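Report on the following structure.
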Amino acid sequence: METSAGSQFVSDTRIMDTSHTLMDEYQGAVPGFGVPSHGWRICLAHEFKEKSKPFQLEHVSPSAILHHLPMGLRYLMWWCRKTYVEKKAPFIDMFNATPLRQIYGAPLGGIGGGTITRSWSGEFCRWQLNPGLYHYKTVTENQFTVCVRRRGETVYQQVLSLERPHTLQGWNWGYCGNQAFYHALYPRAWTIYHLPGQNITLTCRQISPIIPHDYKDSSLPLATFVWDVENSGDEEVEVTIMFTMRNGSGTKTDKAGGHWNEPFHLSREGEAVSGVLLHHCTAVNAFTLGIAVRERPGIHVSHCTEFDPNGMGQDIWKDLLEDGRLNSTPSPSSHTVKGKKIAAGVAGGCSVSSGGRGTLEFCLSWDMPRVRFGSGEREYCRRYTRFFGSQGNAASVLCHYGLFHYEEWERKMEAWQDPILTDERLPSWYKSALFNELYFMADGGTVWLEVPADSSEDDDLMKIGEKEIPGMKSLLEEYGRFAYLEGQEYRMYNTYDVHFYASFALVMLWPQLELSLQYDMAAAVLQQDLEQRRYLMSGTMAPVKTRNVVPHDVGDPDDEPWQRLNAYIIHDTADWKDLNLKFVLQVYRDYHLTKSSSYLRDMWPICQAVMESSLRFDQDGDGLIENSGFADQTYDGWVMTGPSSYCGGLWLAAVCMTCQMADLLGDISAYNKFSDILSRGKEAFEKLLWNGKYYNYDCGDQTYYNSIMSDQCAGHWFLRACGLGCGQTEVFPSAHVVSSLKTIYELNVKRFADGQMGAVNGMRPDGSVDTSSVQSDEVWIGVVYGLAATMIHEGLLEEGLATAEGCYRTVWERLGMSFQTPEAYGEKNVFRSLAYMRPLSIWAMQLALDEQSRGCPANTNGEGLQESQ
């Protein structure tokens, strides 16, 4: 819900006045134009007081170091070989964690075409153009500059940046951050600048094409910047905005030579844009940046084809200063020589009357149509090439398309977001968290690739899929192949134990991409790779991939994903207890929400195979699987032994859903078999794990066997998300579930960090934190959002919101981790794995809330999304 009325901003602040949030603390001199009431807001001069550090060896207890010493030595040897012999970055680098930079704003770009992240103070500072690979470099010359002229004279010219760099010192740097604020409600963001002494307010609205259920525009590698210029003075002014960019992305290839720029003008259907194309001519993954301005009556457009970003920058600065326009030479630049960088700029200007408003529209696009991963073995076309071609000449067309479609995108965004933003029952922090956490869908190293009709010839998974999974080929050819990283620091695609949590965002907003990912995973189940390798935790040799088990991931972007599975080598995940079960749970959840019966039929043989594979973990035949005394599930540093509440609960939920699928598909034999297992397993689960108040952690002989695990109801959570888990499909007694959730709230939430940081993973019955492992005393944000969704399903709305609120306040407002929500943090200023997949699970909270709003109480089924294949 957008509003330009300052009174609504004040009203929202008053509602939240007791929260002491960044939104409350900032009192803007002006409200800006069209800034919404809800979102994440920060003054550009803000400095975060708390300085957290990444988890390092110093944070591990001596006993844990001693216990894991053999694994540490094996990791060191592997790390040295990977780094110095193979010349590759480790998929997890325990020695070089990414430090926290409290600067990031909403990323630019759609899904799967690469992303560029701007800081909340305006710098272009995080780059992911090569698929799945990040570098964190602020490129100084990538800036917006304003020029103000009155009565034919330039009276004010300022780079809209707080920086004071060593280069380009001929420019006027050091804008006062107290005069501006940033507001993010992804996929849009607003930066409001009040120009001191000029009676002018600038509002820059940043728009990326992230549109639910849109499988074309959501793939586009571009963003638009709409500048609204408000003149509250008593005379007309002419205002020009200049947008400058380097040819490159801040890497060493910027000085490799052979790059060049050229101006362009493109007119289609009576609408025109002008700008500059910056051709970055590398041998692999070459790309072209496009910067452009929309031409409208009363708008003057100009450009500078090239300037030296290493110099003083006086030529382009003085050119703009002279008349508010750039020189607009029509010829292209020369190709750069090795060691030299090149930059370009575009400018748009307009006259604004006293009390009036003008609008200037810019676009940034990046066209890297054909990509190779780190191994360089295969070339892929990105999804957007289906619509804009794969020849590398689409940057100008993308700019034109973005500038003439962003208004339509915004209407669709508002239709999607407004029902949530205007729901007065929902707190403002939740509205910010729900949409802003969605950044990871585009900025998770995400790739969205075309699957050509002949792909099965050299694609192992497509070969299997075409042969054994009937609907896989047609769906992937129609919707493409999708992958995102476990985290920007944990470089593995489609890490499945974590996707289990994050998948709610995908299936609710782009369900066909979830089905595409699931078809790939189904084919991977049938794949095997018998090459032996040593696993770091145990030191044992085992195959890379075993048939009929779900892989941990589909590979490393620095290698060849989909062709070489399981980049993760810490544990042999063929013996993990949760992966197979999470596949079955997601299959039924996807069916429940999409109503695609063909998908269910295609997945049924795979579900049977993985359930049969998991039956081997029920060694005593009581219908309940046992953990194996090592960290054999997503908590890969927290040992479970015997029946456990987490894996046992997932197992029973998966058995229940297997029965549901068998019933729907008329497989009487499977239904009878798994109904019997479910009956025996439920009895064993209650007998072995229920202690009268909650479910024990496990049945081992460790001292922490009766710890309160915040994630103990994960299986029940998925049952409820699928309209199951009560009445005739009850697996866990409702009174036991509610008692467990209330215990978690009282101990893991309220007794941890004064109830202000969410739910700690493990808590002892006496109210002390479980410190038995390096993960039991952490808060996992994505787990907390899933826990909150479970509470909401069970009618504990207040508890669920309070639990999740602690995570949002900690990450976004205390620790300065905007648009880089980590996997975990501790109570004492320690975090682990920035920019992580799992917090997308906040969309599970929205699913639970949607069911409530549709009048679906705890014991009735919710309606599906009605999107069928």
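Working from the alpha-carbon coordinates of the range 247-292, get Rg over Rh, Rh being the Kirkwood radius.
Numbers: Rg = 12.8 Å, Rh = 11.7 Å.
Value, to two decimals: 1.10.
What distance in nm separates the simple spin-label points at Lys467 and Glu322, each placed 7 Å from Cα in the Cβ direction?
My value for the distance between the label points is 7.0 nm.
For the chain, give the magnitude of the charge dipole about the Cα centre (Cβ charges: +1 Lys/Arg, -1 Asp/Glu; no others), in debye to the nearest 20.
On the way: 75 positive and 106 negative charges, 323 e Å.
So the magnitude is around 1560 debye.
Grab the beta carbon distance between Ser334 and Arg296, set R0 = 30 Å, and tell me the FRET efficiency rounded to 0.05.
Working: r = 33 Å, r/R0 = 1.08.
The value I calculate is 0.40.
Hey, got the dipole for the range 762-809? About the Cα centre, +1 on K and R Cβ, -1 on D and E Cβ, debye to the nearest 20? Show your work: numbers first, answer last.
Details: 2 positive and 8 negative charges, 21 e Å.
I would put it at about 100 debye.
Using per-residue counts of other Cβ atoms within 10 Å, averaged over each peptide, order 630-643, 648-661 from highest down.
On the way: 630-643: 21.6, 648-661: 27.2.
In descending order of packing, they fall as 648-661, 630-643.
Set Lys and Arg Cβ to +1 and Asp and Glu Cβ to -1, take the dipole of the range 176-324 about its Cα centre, and tell me which of Ser274, Trp260, Tyr193 lies farthest positive.
Trp260
Suppose each label sits 7 Å from its Cα in the direction of the beta carbon; what would the Asn691-Glu153 distance come out to in nanometres?
Each label point lies 7 Å from its Cα, and together they span 8.0 nm.
Please compute the per residue accessible area over the range 464-508 with all protein chains in place, 1.4 Å probe, rounded to a whole number of Å². Kindly include the intermediate steps, with their values, before the conclusion.
On the way: 960 Å² over 45 residues.
Averaged over the residues of the range 464-508, the accessible area is 21 Å².
Express in nm, to one decimal, how much length is gained between Gln391 and Phe630 on full extension, taking 0.36 nm for each residue of separation and deducting their alpha carbon distance. Kindly include the intermediate steps, with their values, before the conclusion.
Values: separation 239, 0.36 × 239 = 86.04 nm, distance 5.05 nm.
So the chain would gain 81.0 nm between Gln391 and Phe630.
Mind checking the angle between helix 668-689 and the chain's longest principal axis? C-alpha axes, 0 to 90 degrees, to the nearest 10.
Rounded to the nearest ten degrees, it is 90.
Take Thr422 and Ser669, extend 7 Å from each Cα along the Cα→Cβ direction, and tell me the distance between the two endpoints in nm.
So the two model labels end up 5.6 nm from each other.
Cα centroid distance between the range 552-603 and the range 274-300, in Å?
Taking the Cα centre of each part, the range 552-603 and the range 274-300 sit 39 Å apart.
Between Phe630, Leu326, Ser675, whose Cα lies farthest towards the positive end of the dipole of the chain when Lys and Arg beta carbons carry +1 and Asp and Glu beta carbons carry -1, centred on the Cα centre?
So the residue we want is Leu326.
Measure nothing but the geometry: give the 0 to 90° angle between the long axis through the Cα atoms of 406-421 and the longest principal axis through the Cα atoms of the chain, rounded to 10°.
That works out to roughly 50 degrees.
For the range 246-379, what does the accessible surface come to per residue with a 1.4 Å probe? Please give it in Å².
Values: 5670 Å² over 134 residues.
On a per-residue basis, 42 Å².
Set the Förster radius R0 to 25 Å, insert the Cβ-Cβ distance between Tyr705 and Ile65 as r into 1/(1 + (r/R0)^6), and round the FRET efficiency to 0.05.
Details: r = 23 Å, r/R0 = 0.94.
Rounded to the nearest 0.05, the efficiency is 0.60.
Let me test this: with uniform point scatterers at the alpha carbons of the range 509-643, what is the Debye-based log₁₀ I(q)/I(0) at q = 0.11, 0.15, 0.19, 0.20 1/Å?
With one equal scatterer per Cα and no solvent, log10 I(q)/I(0) is -0.42, -0.78, -1.17, -1.26.
In the range 421-529, carbon and sulfur make up what percent of the accessible area (probe 1.4 Å)?
Values: 1010 of 2410 Å².
Ligands and nucleic acids excluded, carbon and sulfur reach 42 percent.
So for each of 384-390, 534-540 I average, over its residues, the number of other beta carbons within 10 Å; can you give me the resulting order with the highest mean first?
Details: 384-390: 18.6, 534-540: 15.4.
Ranking, from highest mean packing down: 384-390, 534-540.
Need one number: convex hull volume per residue for the range 121-279, Cα atoms only, in Å³.
Working: hull volume 28.6 nm³, N = 159.
Each residue corresponds to 180 Å³ of Cα convex hull volume.
Based on the Cβ-Cβ distance from Asn96 to Glu477, what FRET efficiency comes out when R0 is 51 Å, to the nearest 0.05?
Result of the calculation: an efficiency of 0.80.
Can you give me the relative contact order of the chain as a percent, contacts being Cα pairs under 8 Å and 6 or more apart?
Values: 2024 pairs, mean separation 103.0, N = 869.
12 percent.
Take the cross-link list Lys318/Lys340; Lys216/Lys545; Lys137/Lys341; Lys51/Lys137; Lys82/Lys137 and give me the ones stretching past 26 Å between alpha-carbons. Provide the component values of the computation, followed by the final result.
Numbers: Lys318/Lys340 22 Å; Lys216/Lys545 34 Å; Lys137/Lys341 15 Å; Lys51/Lys137 20 Å; Lys82/Lys137 24 Å.
Where the Cα-Cα span goes over 26 Å, the pairs concerned are Lys216/Lys545.
So what is the relative contact order for the range 66-217, in percent, with contacts set as C-alpha pairs under 8 Å and at least six apart? Each step should come with its number before you reach the end.
Working: 214 pairs, mean separation 19.7, N = 152.
So the answer I get is 13 percent.
Would you calculate, for the chain, the mean residue ellipticity at 222 nm contributed by helices, counting each DSSP H stretch of 4 or more residues as -39,500 (n - 2.57) and dividing by all residues, to the nearest 500?
Details: 23 runs with 264 residues, N = 869.
Rounded to the nearest 500, it is -9500 deg cm²/dmol.
Could you point to the residue in Leu421, His499, Gly480 farthest towards the positive end of the range 390-542's charge dipole, with +1 and -1 charges on the Cβ of Lys/Arg and Asp/Glu respectively?
His499
In the range 607-680, carbon and sulfur make up what percent of the accessible area (probe 1.4 Å)? Display every interim value, and only then the final one.
On the way: 1130 of 2310 Å².
Heavy-atom surface of the range 607-680 belonging to carbon and sulfur, 1.4 Å probe: 49 percent.
Beyond 54 Å, what percent of the Cα pairs of the chain remain? Kindly include the intermediate steps, with their values, before the conclusion.
Values: 46376 of 377146 pairs.
The answer is 12 percent, as a whole percent.
How large a share of the accessible area of the range 778-832, in percent, is made up of carbon and sulfur atoms when the probe is 1.4 Å and the other protein chains stay in place? Could you put the intermediate results ahead of the total?
Numbers: 510 of 1070 Å².
Summing carbon and sulfur atoms, their accessible area is 48 percent of the total for the range 778-832.
Classify the range 377-448: rounded, prolate or oblate, from the alpha-carbon gyration tensor (a ≥ b ≥ c, eigenvalue square roots; a/c under 1.5 rounded; otherwise prolate if a/b is larger than b/c)? Mind dumping the intermediate values first?
Details: a/c = 4.05, a/b = 1.82, b/c = 2.23.
Oblate shape, in that a/c is at least 1.5 and b/c is the bigger or equal ratio.
Per-residue counts of other Cβ atoms within 10 Å, averaged by peptide: what ranking do you get for 350-358, 204-212, highest first?
Working: 350-358: 15.9, 204-212: 24.1.
Put in order of decreasing packing, that is 204-212, 350-358.
For Lys693, which lysines qualify as cross-link partners when the Cα separation must be under 29 Å and same-chain residues fewer than eight apart are set aside?
Lys577, Lys582, Lys682, Lys742, Lys750
I'd like to check one number: the per residue accessible area of the range 715-810, probe 1.4 Å, reported in Å² as a whole number.
On the way: 2720 Å² over 96 residues.
Spelled out: the 1.4 Å probe surface of the range 715-810, per residue, equals 28 Å².
The values are calculated or read from the model by the stated rules, or taken from the named source; none is laboratory data. Note that the structure is a prediction, hence the values are computed from the model and not measured. As a convention, Cβ positions derive from the backbone with ideal geometry for all residues, glycine included, and neighbour counts pool all protein chains shown. Areas reflect the complete protein model, heavy atoms only, side chains present, ligands, DNA and RNA absent. Shrake-Rupley method; radii C 1.70, N 1.55, O 1.52, S 1.80 Å.
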